[in-house]
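J.: The structure under discussion is supplied below as structure tokens; questions concerning it will follow.
The values are calculated or read from the model by the stated rules, or taken from the named source; none is laboratory data. Quick caveat: nothing in here was measured; it's all calculated off a predicted structure. Reconstructed Cβ throughout: ideal geometry from the backbone, glycine too, with neighbour counts over all protein chains shown. Side chains are part of the model used for accessible areas, which takes the heavy atoms of the whole protein and leaves out ligands, DNA and RNA. Shrake-Rupley method; radii C 1.70, N 1.55, O 1.52, S 1.80 Å.
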Amino acid sequence: MNLAGRDIRHNFGRFVLTTIGLGLLLMLVMGMGGIYRGLVQDATLLVDRIDADLWVVQKDTRGPFAEISRLPSNMEDRVRAVPGVASSHGFVSHTIQREHNGLPMRITVQGLSWPEDRGGWLPIVAGRPLGQSHYEMIADESLKLPIGEKVKLGKDTYTVVGHTRAMTSPAGDSMAFFTLHDAQAIQFDTSGEATRLERSARYARAEHIDLGRTQPQTIERSRGPASEIPALGPAVISAVVVKVQPGIDPAHVQSVIAKWPDVTVYSFEGQRELLLGGIVDRSRRQLGLFRILLIIVSAIIMALILYTLTLDKLHDVAMLKLMGARNSVILGLILQQALLLGVLAYGVAYIIGQWAFPLFPRRVIVTPEDLWALAGIVAGISVLASVLGIAKALSVEPNEVLA
Amino acid sequence: MSTTSHDRDAVLEATGLTKIYGSGHTEVVAVRDATLSVARGEIVALLGPSGAGKSTLLTLIGLIVPPNTGRIAIGGSVVFDDHRMRVNARRFRRQHLGFVFQKANLIPFLTASENVRLAMEINDHPSRAAKQRASELLDYLGVGERADHLPSKLSGGEQQRVAVARALANRPSLILADEPTAALDSVRGRQVMELFAKVAHEQNAGVIVVTHDHRALDVFDRTLEMEDGHLGRPTD
């Protein structure tokens, strides 16, 4: 006869409510692990997707994700000339916050090196990759911009041609992909008035220097677009991503580029490590600690619940002992309830989590490994939590029935 | 007459039982040198005022609390002697003893039938056999139609009958009842006492009933009286 099952049947309502309560708590533990996973995956998502062998960034910076990195556009060509390099592309990444349809919208703008890179490697779930060199964008579906939607960014309007899924920046902002030039245009967009003022100031400066006086063309050019003035140089990029030729050791190419005095170069693993160690490390540790605290709280609450359930049954336990029941019968009564409570609460946590996690503002990634680990933890805390109750039950004397 | 049975087939032989609680100035002698025996099929009433030591004597005989001194033999086996238990008390209780108390003390989350079956199943009887016997016992005690009800749905008298059925489940050689009719009205109280007599005579078990109820003494084969821990002379 299963005493635990019959006791639960008798106190069904209370058991159900307890299970739901504990399930919600375990859902938080599960969710915390999922947020942790999401944070790590978001942080490394782009680096993993791009899968570059090397990342070339501004000297002594840890860019382009950890801090600002600026490189001239022609760095792409310099790198491509290094023996062993198969391809090199400029990389532009920056976050903007604009208003669209009256709502604030944060976008991490990513530049693709048109025409070699049209975004074919992206996880496109609807629409298509970029089809022209300007005014198209691939938006993550979390931005809720339908295909065909026109979005004004800076002076230009971009049409959404494709949707990616789960492409977010390390900070959790949704990504949108443009051609490199469009991304730069968005990044360096200034108002017409600011441009006019800059040109006037440039003209005034040119007028008062010898070069301006001796070279009248300089004064004329100073009133034109900045891109037409060779001395000012082209717009900058954030980094250069490098693929080495098959059979070539990336470390060898890295050692060559590392000798250049104006850049720093990271391997794939190095860039990944920078992201995990620098950007998400504190959040990761904080979430980890919070997760541990939640597990401890769950264990304590479970222990209290089981202890209270046992206290309610002490008279019955004394009677069982008086009738001569073995300790295993009493132990089974408490332990089975603890494990059943744990298993059902875990089930509740899983089911509610499946529904609730997609509604979270940041990604919650619950992996099978995490689920198994949590199942083990729940089984462990179920047993541990029942120890108090078992100790109490085993200490009851049968003559307490007579009290 | 004496506190011992004249029947040679004694189910209980207790000699010189003493139980002392506390020590020094707080020492209380609850049972003092009590000697008694009960034969199979005999029902014995244990009378006495509150605090006389009746319930304590029952707990000593029931191996719930060990005496300080004395010797107890049940069903021919010496279970306590020379200051220590000679058997596994819990196992012995489930195999050879039945208990009934003032309150029925039924497990509240088990039906009447399950309460009886539980006593057998913890004594390693197969579930089917336990179910069969529970059904027979509940019918025998007149609560067969209430077998599937939880204790909370039974009257006090019905609960006490189920408690008796549970005490009988393992065919104990000795049944110990501590004021089993205290919570019942006189009619139901007498019914329960008659039930014990019936059980003793028909099931050939020894029965000791601690009671204050003098109206039903005629159902007992013998009565013993306790006062201040002394098991005194029997009354007629």
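J.: Could you tell me whether the range A:98-107 includes any residue that is open to solvent by less than 70 Å² (accessible area, probe 1.4 Å) and polar (S, T, N, Q)?
T.: Residues of the range A:98-107 open to solvent by less than 70 Å² (accessible area, probe 1.4 Å): A:100, A:102, A:105, A:107.
Checking which are polar (S, T, N, Q) leaves us with none.
No; the residues of the range A:98-107 include none that is open to solvent by less than 70 Å² (accessible area, probe 1.4 Å) and polar (S, T, N, Q).
J.: Going by what's in this entry, would B:R190 be described as out of contact with any strand residue (DSSP E or B) (no Cβ under 8 Å at 6 or more places or on another chain), more than 27 Å from B:S50 (Cβ to Cβ) and not β-branched (V, I, T)?
T.: Criteria not met by B:R190.
J.: Just checking, does the range A:334-350 include any residue being more than 10 Å from chain B (Cβ to nearest Cβ), open to solvent by 30 Å² or more (accessible area, probe 1.4 Å), touching a helix residue (DSSP H, G or I) at 6+ places or on another chain (Cβ under 9 Å) and more than 23 Å from A:D7 (Cα to Cα)?
T.: Kept after step one, since they are more than 10 Å from chain B (Cβ to nearest Cβ), are these residues of the range A:334-350: A:334-350.
Then keep just the ones that are open to solvent by 30 Å² or more (accessible area, probe 1.4 Å); that gives A:335-336, A:339-340, A:343-344, A:346, A:348, A:350.
If we keep only those that are touching a helix residue (DSSP H, G or I) at 6+ places or on another chain (Cβ under 9 Å) too, we end up with A:335-336, A:339-340, A:343-344, A:346, A:348, A:350.
Still in the list and also more than 23 Å from A:D7 (Cα to Cα): A:350.
Yes: one or more hits.
J.: Separate question: Check A:L28, A:L3, A:L22 and return the single one that is within 14 Å of another protein chain (Cβ to nearest Cβ) and of a type in the set (A, V, I, L, M).
T.: Details: A:L28 fails: within 14 Å of another protein chain (Cβ to nearest Cβ); A:L22 fails: within 14 Å of another protein chain (Cβ to nearest Cβ).
Every option except A:L3 fails the conditions.
J.: Still on this structure, please answer the following. What residue, among those in the range A:309-333 that are free of Cβ contacts under 8 Å to residues at least 60 places away in the same chain and open to solvent by less than 10 Å² (accessible area, probe 1.4 Å), is farthest from the other protein chains (Cβ to nearest Cβ)? Before you say what the answer is, go through the steps one by one.
T.: Let us first name the residues in the range A:309-333 that are free of Cβ contacts under 8 Å to residues at least 60 places away in the same chain, namely A:312, A:316, A:320, A:323-326, A:328.
Adding the requirement that they be open to solvent by less than 10 Å² (accessible area, probe 1.4 Å) leaves A:320, A:324-325.
On the way: A:L320: 7, A:G324: 3, A:A325: 4 Å.
Looking at the filtered set, the residue picked out is A:L320.
J.: Within the range A:376-403, track down each residue that is surrounded by fewer than 20 Cβ atoms within 10 Å (Cβ to Cβ) and touching a Phe, Trp or Tyr at 6+ places or on another chain (Cβ under 6 Å).
T.: Matches in the range A:376-403: A:L388 only.
J.: Shifting gears a bit: What are the residues in the range B:116-140 that are open to solvent by less than 20 Å² (accessible area, probe 1.4 Å) and within 12 Å of another protein chain (Cβ to nearest Cβ), if any?
T.: B:V116, B:L118, B:A119, B:M120, B:I122, B:A130, B:A134
Quick grid of which residues meet (1) over 22 Å from A:D312 (Cβ atoms); (2) within 17 Å of the chain's Cα centre (by Cα); (3) crowded, with 20+ Cβ neighbours inside 10 Å; (4) at the interface with chain A (Cβ under 7 Å from one of its Cβ atoms):
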site: B:N88; (1), (2), (3), (4): yes, no, no, no
site: B:R94; (1), (2), (3), (4): yes, yes, yes, yes
site: B:F109; (1), (2), (3), (4): no, no, yes, yes
site: B:S113; (1), (2), (3), (4): yes, no, yes, no
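J.: Got at least one residue in the range B:167-182 being part of a helix (DSSP H, G or I) and within 18 Å of B:R94 (Cβ to Cβ)? If you could, list the steps in order and put the result at the bottom.
T.: Looking only at the range B:167-182, we keep the residues that are part of a helix (DSSP H, G or I), and these are B:167-168.
This time we only want the ones that are within 18 Å of B:R94 (Cβ to Cβ), so: B:167-168.
Yes, the range B:167-182 contains at least one residue that is part of a helix (DSSP H, G or I) and within 18 Å of B:R94 (Cβ to Cβ).
J.: What residue, among those in the range B:8-28 that are under 22 Å from B:L58 (Cβ atoms) and part of a loop (DSSP other than H, G, I, E, B), is least open to solvent (accessible area, probe 1.4 Å)? Spell out the reasoning first.
T.: Initial filter on the range B:8-28 (under 22 Å from B:L58 (Cβ atoms)): B:9-22, B:27-28.
From what's left, part of a loop (DSSP other than H, G, I, E, B): B:9, B:22, B:27.
Details: B:D9: 78, B:G22: 55, B:E27: 94 Å².
My answer is B:G22.
J.: Here's another thing I want to ask about it. Could you check B:I64 against (1) in a loop (DSSP other than H, G, I, E, B); (2) surrounded by fewer than 15 Cβ atoms within 10 Å (Cβ to Cβ) and say which number it fails?
T.: Every listed condition holds for B:I64 apart from (2).
J.: Would you be able to tell me the number of residues in the range B:175-194 that are touching a residue at least 12 places away in the same chain (Cβ under 8 Å), surrounded by fewer than 21 Cβ atoms within 10 Å (Cβ to Cβ) and farther than 15 Å from B:K103 by Cα?
T.: Counting residues in the range B:175-194 that are touching a residue at least 12 places away in the same chain (Cβ under 8 Å), surrounded by fewer than 21 Cβ atoms within 10 Å (Cβ to Cβ) and farther than 15 Å from B:K103 by Cα gives 4.
J.: Within the range B:145-176, track down each residue that is within 12 Å of another protein chain (Cβ to nearest Cβ) and closer than 16 Å to A:M323 by Cα.
T.: B:A163, B:R166, B:A167, B:A169, B:N170, B:P172, B:L176
J.: In addition: Quickly run through the range A:259-308 and pick out the residues that are of a type outside the set (V, I, T), open to solvent by 30 Å² or more (accessible area, probe 1.4 Å) and more than 24 Å from the chain's Cα centre (by Cα).
T.: A:K259, A:W260, A:P261, A:D262, A:L304, A:Y307
J.: Any idea which of (1) out of contact with any Lys or Arg (no Cβ under 6 Å at 6 or more places or on another chain); (2) of a type outside the set (V, I, T); (3) open to solvent by less than 20 Å² (accessible area, probe 1.4 Å) is the one B:M226 doesn't satisfy?
T.: If we test B:M226 against (1) out of contact with any Lys or Arg (no Cβ under 6 Å at 6 or more places or on another chain); (2) of a type outside the set (V, I, T); (3) open to solvent by less than 20 Å² (accessible area, probe 1.4 Å), just (1) comes out false.
J.: Right, next: Has the range B:44-58 got any residue that is of a type in the set (S, T, Y), more than 13 Å from every other protein chain (Cβ to nearest Cβ) and open to solvent by 20 Å² or more (accessible area, probe 1.4 Å)?
T.: Restricting attention to the range B:44-58, the residues satisfying the condition of being of a type in the set (S, T, Y) are B:50, B:55-56.
Keeping just the survivors that are more than 13 Å from every other protein chain (Cβ to nearest Cβ) gives B:50.
Filter once more, keeping what is open to solvent by 20 Å² or more (accessible area, probe 1.4 Å): B:50.
Yes.
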